[in-house]
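A short write-up of the structure that comes next.
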Amino acid sequence: MATEYAKLIIDGKELQLPVITGTEGEKAIDIRSLRQTTGFITYDPGFGNTGSCKSDITFMDGEKGILRHRGIPIEELAEQSTFVETAYLIINGKLPSRQELITNSILLNDQSMVHEDMQIFYQNFPRLSHPMGILSAMVNALRSFYPELMQTDEDFQKVAIRLLSKVRTMAAMSYKISRGHKVIYPRADYTYCANFLNMMFDSPVNPYNPDDDVVAALNTFWILHADHEQNCSTMAVKTVGSAKANIYASISAGISALWGTLHGGANQKVIEMLTEIHNSGASIKDVVERAKRKDNPVRLMGFGHRVYKTYDPRAKIMKKVCDKVLPKLKVDDPLLDIAKQLEEAALSDSYFIDKNLYPNVDFYSGILLRAIGIPTNMFTVMFAIGRLPGWIAQWKENNDDPEQKIIRPRQIYMGETVTPYVPLSKRLE
Ligand code: ACO
């Protein structure tokens, strides 16, 4: 029962609309009764001002640059947690006990193998297929390999673990196959991140030994991507899930949405942009000027965010990780210097200042991935693995929420009014 109401006057009629207040003081007007009582709907393209749900998972304050999962600041998770622990936190709502963490790791190992028949699928994708297209198709295909229904919380836990573990194996496997190399199987003696690196880079001729700093950097990278409340791909997952489609189909839709260059695909585009600057010798000033031009669709990739109107806290951490890891790996990447110069130029330009455009998580993430040895076309796949906990948790929360319905917004029709059909013989040429 609401204790606060907003007053709305439409067509001379006064309406009391309940106000919902979140635990961090965020306020929303509940407009669910608006259409029935007044005939009006709301108009909000891109849903920039629409609260689509109540959620317990992630809190963001775009003005202050705050990001917390289940209440815990992203800075503390990045510094002290691992990706597996953060995934547990996001999906289960609390940090695991020592025993829960051990059990979770055993289950992740149990689920790490991919059905051998899946390799046949991989072999048949054209060589130039983008790994995101392959991943989306393969995650959807998981339903055919694991058709059992999800009826209990235990079933859900099993599916969550399966997704976290197998998607990582599938990603490494698709990389190996795309290069025509032998697939490396997961190893139970490695942690989640070390296991992935080993599956990516080990080979019969060049044995790979995961470096502790690289493993730590990958943990941080995935923690920083673990969830981001109602972003585009998460909404895709929830939209598909709201029709009661299975979780694999829903997450496959999220992978497709994430592929887009305005969303997760930006990490690949940032590196392409920085490489182009490096190779062409274009001046930073010109690049910034080009991104400002209205007649040019090229934006400064890795800049701007729907919610953050200040520095993305994840980008701050990512930049620090680059500064720490690159020298340790003895990587002298000219793209890091270009990125820093670009950031400095943009942040002192009134266009970017006035529009509150700051680096987002994708601005520095590609530089870190390059240093680790991840090929550019796999960057968005790396993001997808990291975002799995968020997609899984948000899918479940939406599915369990009695207030949620099939996602089906309205529209304001602006087309022709009733128009008679004209037979082909009577139409003008
Ligand atoms: N470079 C230049 N101008 C920009 C940029 C940019 N990167 N981002 C926004 N703007 C401008 C827009 O042209 C617009 O100007 P206008 O008001 O004069 O028309 C204004 O800033 C607002 O931008 P919108 O596109 O309306 O903002 P929206 O919230 O819809 O978009 C988005 C956010 C998609 C992230 C946008 O900033 C963008 O395209 N950035 C580049 C791509 C990118 O880095 N994506 C990754 C986002 S983070 C993530 O998904 C993990």
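Report the Cα-based extents of the chain along its three principal axes, largest first, to the nearest Å.
77, 63, 57
Can you give the helix-only mean residue ellipticity at 222 nm for the chain, where every DSSP H stretch with n ≥ 4 adds -39500 (n - 2.57) and the sum goes over all residues, rounded to the nearest 500 deg cm²/dmol? The partial results should precede the final answer.
Numbers: 18 runs with 225 residues, N = 429.
Only helices count here, giving -16500 deg cm²/dmol.
Please compute the length gained on full extension between A216 and K330, using 0.36 nm multiplied by the number of residues separating them and subtracting their Cα-Cα distance.
Full extension of this stretch gives 39.4 nm more.
Distance between Cα centroids, the stretch 36-81 to the stretch 379-408: provide it in whole Å.
14
Between I353, I74, I161, where does the largest GNM mean-square fluctuation fall for the chain, given springs only between Cα atoms within less than 10 Å?
I353
Once the mean 1/r over all distinct Cα pairs of the stretch 161-251 is inverted, what Kirkwood radius in angstroms do you read off?
For the stretch 161-251, the Kirkwood estimate is 15.0 Å.
Relative contact order, percent, of the stretch 266-372 when contacts are C-alpha pairs under 8 Å separated by at least 6 residues? Don't jump to the answer; show the numbers that get you there.
On the way: 124 pairs, mean separation 45.2, N = 107.
In percent, rounded to a whole number, it is 42.
Which whole-angstrom value gives the distance between the alpha carbon centres of the stretch 83-124 and the stretch 169-228?
Comparing the Cα centres of the stretch 83-124 and the stretch 169-228, I get a distance of 14 Å.
What pairs from K176/K396; K94/K158; K158/K405 go past 21 Å between their alpha carbons? Mind showing how you got there, number by number?
Working: K176/K396 32 Å; K94/K158 18 Å; K158/K405 25 Å.
Flagged as over cut-off: K176/K396; K158/K405.
Taking chymotrypsin sites (Phe, Trp or Tyr not before Pro) as exposed when DSSP calls them loop (any state but H, G, I, E, B) and at most 13 other Cβ atoms lie within 10 Å, what is the longest stretch of the chain free of them, the sites themselves excluded? Spell out each step's value before the answer.
On the way: sites that count: F40, Y43, Y413, Y421.
Longest gap between qualifying sites, sites excluded: 44-412.
If I build a Gaussian network model for the chain, linking alpha-carbon pairs within less than 10 angstrom, which residue out of E276, E416, E344 has the largest mean-square fluctuation?
Result: E416 has the largest fluctuation of those listed.
Can you compute the label reach from V418? Point 7 Å from Cα along the Cβ direction, backbone N cut-off under 19 Å, restricted to the stretch 27-65.
none
FRET efficiency for I102 and Q80, Cβ-Cβ distance as r, R0 = 22 Å, nearest 0.05? Walk me through the numbers before you get to the answer.
Values: r = 18 Å, r/R0 = 0.83.
Once rounded, the FRET efficiency stands at 0.75.
Determine one quarter of the surface area of the Cα convex hull of the stretch 5-61, which equals its mean projected area, and express it in nm² to one decimal.
Working: hull surface 18.8 nm².
Seen from a random direction, the Cα hull of the stretch 5-61 projects 4.7 nm² on average.
L107 accessible area, nearest 10 Å², 1.4 Å probe?
80
Using the C-alpha atoms of the stretch 266-372, what convex hull volume per residue, in cubic angstrom, is computed? Present the calculation step by step, with values, prior to reporting the outcome.
Values: hull volume 9.9 nm³, N = 107.
Considering the Cα atoms of the stretch 266-372, their hull volume per residue is 92 Å³.
Could you please report the charge total around L95, scoring K, R as +1 and D, E as -1 over all other residues with beta-carbon less than 10 angstrom from its beta-carbon? It would help to have the intermediate numbers written out before the result.
Working: positive: R70, K94; negative: E85, E100.
Cβ neighbours under 10 Å give a net charge of 0.
Can you list the lysines whose alpha carbon is less than 27 Å from that of K319, not counting same-chain residues fewer than 8 positions off?
Cross-link targets: K64, K269, K285, K292, K309, K328, K330, K340, K355.
If contacts are Cα pairs under 8 angstrom and at least 6 residues apart, what is the relative contact order of the stretch 5-61 in percent? Please report the intermediate quantities before stating the final value.
Working: 41 pairs, mean separation 11.0, N = 57.
This gives 19 percent for the stretch 5-61.
What is the extension gain from N377 to I120, computed as 0.36 nm multiplied by their sequence separation minus the C-alpha to C-alpha distance, in nm to one decimal?
Details: separation 257, 0.36 × 257 = 92.52 nm, distance 2.16 nm.
Fully extending the segment from N377 to I120 adds 90.4 nm.
Hey, rough spin-label estimate for D153 and T310, points 7 angstrom out along Cα→Cβ, what's it come to in nanometres?
3.7
Provide the net charge surrounding L108, with neighbours chosen by a C-beta distance below 15 Å and charges set as Lys +1, Arg +1, Asp -1, Glu -1. Write down the numbers at each step before the final one.
Values: positive: K158, R162, K166, R168, R187; negative: E85, E100, D110, D189.
Charge balance near L108 sits at +1.
In a shell of Cβ-Cβ distance under 14 Å around E148, excluding E148 itself, what net charge do Lys and Arg (+1) and Asp and Glu (-1) give?
Once all neighbours under 14 Å are counted, the net charge is +1.
The values are calculated or read from the model by the stated rules, or taken from the named source; none is laboratory data. Nothing here was measured: the structure is a model prediction, and the numbers come from that model. Quick reminder, even Gly has a Cβ in these numbers, built from the backbone with ideal geometry, and neighbours come from all protein chains shown. All accessible areas refer to the heavy atoms of the entire protein, side chains included, with ligands and DNA or RNA removed. Shrake-Rupley method; radii C 1.70, N 1.55, O 1.52, S 1.80 Å.
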